[in-house]
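Colleague: The structure that follows is given in the form of structure tokens.
The values are calculated or read from the model by the stated rules, or taken from the named source; none is laboratory data. No experiment lies behind these values; they were computed from the predicted model shown. A quick note on method: Cβ atoms are made from the backbone with ideal geometry, for glycine too, and the neighbour counts reach across all protein chains shown. Surface areas here come from the heavy atoms of the whole protein model, side chains and all, with no ligands, DNA or RNA. Shrake-Rupley method; radii C 1.70, N 1.55, O 1.52, S 1.80 Å.
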Amino acid sequence: MVHTDVSVELGRRVARAVGEALGLELDPEQAVIRPSRRAGVDYQTGVAMALAARLGRAAREVAEEIAAALDAADLVEPPEVSGKGFLNLVLRADWLAARASALPGEERLGVPLTEAPRRIALDYSSPNVAKEMHVGHLRSTVLGDAIGRLLRFAGHQVIPHNHIGDWGTPFGMLIEHLVDEGLTEAAGAGSIGDLNGFYQEARKKFDAEPEFASRARRRVVLLQGGHDQTLTWWRRLVEESAGHFEQVYRLLGIELTPADVYGESFYNPFLADLVKELGARRLTRVSGGAVCTFPEGFTNRDGDPLAVIVRKRGGGYGYAATDLAAARYWLEERGATDLLYVVGSPQAQHFALVFAVLREAGWLMAEHHAEHIGFGSVLGSDGRAVRTRAGGSVKLVDLLVEAVDRAAEIAEPRALPPGQQAAVARAVGIGAVKYADLAHDRRRDYLFDWDRMLAMDGNTAVYLQYANCRARSVLRAAGAAPAAGTPVLLTDPRERALLLRVLEFPAAVSAATRGHAPHKLCTHLYATARSFSAFYAACPILAAGAPELRASRLLLAALASRVLTLGLSLLGIETPEKI
Ligand code: ARG
């Protein structure tokens, strides 16, 4: 059977040819087949060059031998060798047409399901209580959501969990401040109002007033000891914050729900046992009054072993201990095979240490996989903090509301029925914010730039959404999308170019999923929208003349729209019918 991902199929064939011609066993994944930028060439592989270096032979010669052994006449024209030893592949027009004609019947557009489904605990968003979410948390939320959707689409089981910072030392001062402000009695959300301000006031008092600071410390002990009254007050802070998070998630259209919240406090009951178990494995040592573990291979600048603090001097537990307990919970209690964490890159060492301890303790085993999916920070267009139109540093909610407002200015002149305007503005505005974040390699910092993210031209959500609207409007005008089996005619290079994009969708989705790299999908969707626009400008669809050509072009437009719609949905972005 021919694989539904053309590049995978070509990779297999090339790997087989390498076996035939050179007697070498090659993992098909190593026979990387890339879409070619050369006119008239669809795909290229540099495998001959890599092998020639290993064999100490001339690359072109090796390429010729692979070409001669390649058994792919059903798929491609006889291959050509170019440059230093590239193998150029051109798909056969009749194969392309037949494949295109079958695609309307394929719900997944050729994207394969994984053969080895995993059970993945996905930690993302994870904001902190009593601090409003800011643009930094936006990245984890938007990236994590897209990564979760991609993994689920691939056939994995994804269990999201929101590791909210709802426990630990800051709560001592927050609760004392709540008491001082007389807010302990007020029930229901809204009475603290500005959570950021509240946190800052508490912090200021903690730093300036020794009496307040010692009250705060005593309060932490009461909290960790399960003191009833303290817990009630703590819960009040948590609930108020949760309300803010929910508001942001709803605006964003994120899949996280209150049921996915597994805050730091959730793992509190497991912490004492964690220390005991680590001790029983002889992995802990008391250092400066704290119980520590020193995973092998980690040293500080002076070459001293790095400590992971499991229990603090005063008996409290910190961030690392909680992460150890959390990981153990997901592995042992919830049967996760994979632990993924979508958290900013500055925490890379924290996770490396945590994973190392988990391995030494025997909790994280060879069949498991743990990975920190790091990302860079969000900067304003001036390279500093992000600001709203009014100036001032931004809360996430305000930022999202502003995005929708700005999008309404785009949508409005296009005279949509009033009922649709709000929904479209939301799809475009929220889509713009999400896409701007997803379209960049997550490891790099990115500039938050209103004008760029809402531009009608360029690699933006609205450009893709708009291309999709044009395709759909043609389909609406035609009445129905052509069914599978409708013959496809390739009469213009732009038809062929668009079709190639459609056929590369599975490879783009796989690459984005494998690397937790949504930007790879964005790049492909952008290329598809551009190819569609070129096709749309050059090839009349409804006015194609011959009915077979009209049907064939409609089918191509329908495929383009399906790629854009499915692709954007995997990124968590909506596709309105009209903009
Ligand atoms: N609340 C943390 C922060 O904002 C992020 C938590 C990430 N997840 C984890 N398991 N440590 O910095």
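Colleague: Looking only at residues in segment 330-341 that are in contact (Cβ under 8 Å) with a residue 24 or more places away in the chain and more than 11 Å from the ligand (Cβ to nearest atom), which one is surrounded by the most Cβ atoms within 10 Å (Cβ to Cβ)?
Modeller: 336
Colleague: If you check residue 129 against the conditions, is it open to solvent by less than 50 Å² (accessible area, probe 1.4 Å) and more than 16 Å from the ligand (Cβ to nearest atom)?
Modeller: No, not satisfied.
Colleague: Also: Give me the residue from segment 3-26 that is under 17 Å from residue 510 (Cα atoms) and assigned to a loop (DSSP other than H, G, I, E, B) and, out of that set, least open to solvent (accessible area, probe 1.4 Å).
Modeller: So the residue we want is 5.
Colleague: Pairs please, first residue from segment 136-160 and within 17 Å of residue 125 (Cα to Cα) and open to solvent by less than 10 Å² (accessible area, probe 1.4 Å), second anywhere and in a helix (DSSP H, G or I) and within 16 Å of the ligand (Cβ to nearest atom), Cβ atoms under 8 Å, 6+ apart in sequence or on different chains.
Modeller: 138/396; 141/248; 141/249
Colleague: Same structure again: Of everything in segment 353-371, what is open to solvent by less than 40 Å² (accessible area, probe 1.4 Å) and either in contact with a helix residue (DSSP H, G or I) (Cβ under 6 Å, 6 or more places away or on another chain) or of a type outside the set (Phe, Trp, Tyr) (or both)? Give them in sequence order.
Modeller: 353, 354, 356, 357, 358, 361, 362, 363, 364, 368, 370
Colleague: A further question on this structure: Name the residues in segment 410-447 that are open to solvent by 10 Å² or more (accessible area, probe 1.4 Å), at pLDDT below 85 and not β-branched (Val, Ile, Thr), would you?
Modeller: Answer for segment 410-447, where residues must be open to solvent by 10 Å² or more (accessible area, probe 1.4 Å), at pLDDT below 85 and not β-branched (Val, Ile, Thr): 412, 413, 414, 415, 416, 417, 418, 419, 420.
Here is a yes/no grid of residues against (1) open to solvent by less than 40 Å² (accessible area, probe 1.4 Å); (2) out of contact with any Phe, Trp or Tyr (no Cβ under 7 Å at 6 or more places or on another chain):
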{"residue": "42", "(1), (2)": "yes, yes"}
{"residue": "46", "(1), (2)": "yes, no"}
{"residue": "55", "(1), (2)": "no, yes"}
{"residue": "58", "(1), (2)": "no, yes"}
{"residue": "61", "(1), (2)": "no, yes"}
{"residue": "74", "(1), (2)": "no, no"}
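Colleague: May I pose another question? What is the number of the single condition among (1) surrounded by fewer than 23 Cβ atoms within 10 Å (Cβ to Cβ); (2) closer than 30 Å to residue 158 by Cβ; (3) free of Cβ contacts under 8 Å to residues at least 60 places away in the same chain that residue 327 does not meet?
Modeller: (1)
Colleague: Take residue 219 and tell me if it is away from the ligand (no atom under 14 Å from the Cβ), touching an Asp or Glu at 6+ places or on another chain (Cβ under 8 Å), in contact (Cβ under 8 Å) with a residue 40 or more places away in the chain and closer than 30 Å to residue 432 by Cβ.
Modeller: no
Colleague: Tell me, yes or no, whether segment 452-464 has at least one residue that is modelled with pLDDT under 95 and surrounded by 23 or more Cβ atoms within 10 Å (Cβ to Cβ).
Modeller: Scanning segment 452-464, I find at least one residue that is modelled with pLDDT under 95 and surrounded by 23 or more Cβ atoms within 10 Å (Cβ to Cβ), so the answer is yes.
Colleague: May I ask you to say which residue of 314, 344, 303, 288 is at pLDDT below 95, surrounded by fewer than 19 Cβ atoms within 10 Å (Cβ to Cβ) and within 16 Å of the ligand (Cβ to nearest atom)?
Modeller: Details: 314 fails: within 16 Å of the ligand (Cβ to nearest atom); 303 fails: within 16 Å of the ligand (Cβ to nearest atom); 288 fails: within 16 Å of the ligand (Cβ to nearest atom).
Only one candidate passes the filter, namely 344.
Conditions tested, residue by residue: (1) closer than 23 Å to residue 97 by Cα; (2) not acidic (Asp, Glu).
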site: 2; (1), (2): yes, yes
site: 24; (1), (2): no, yes
site: 61; (1), (2): no, no
site: 64; (1), (2): no, no
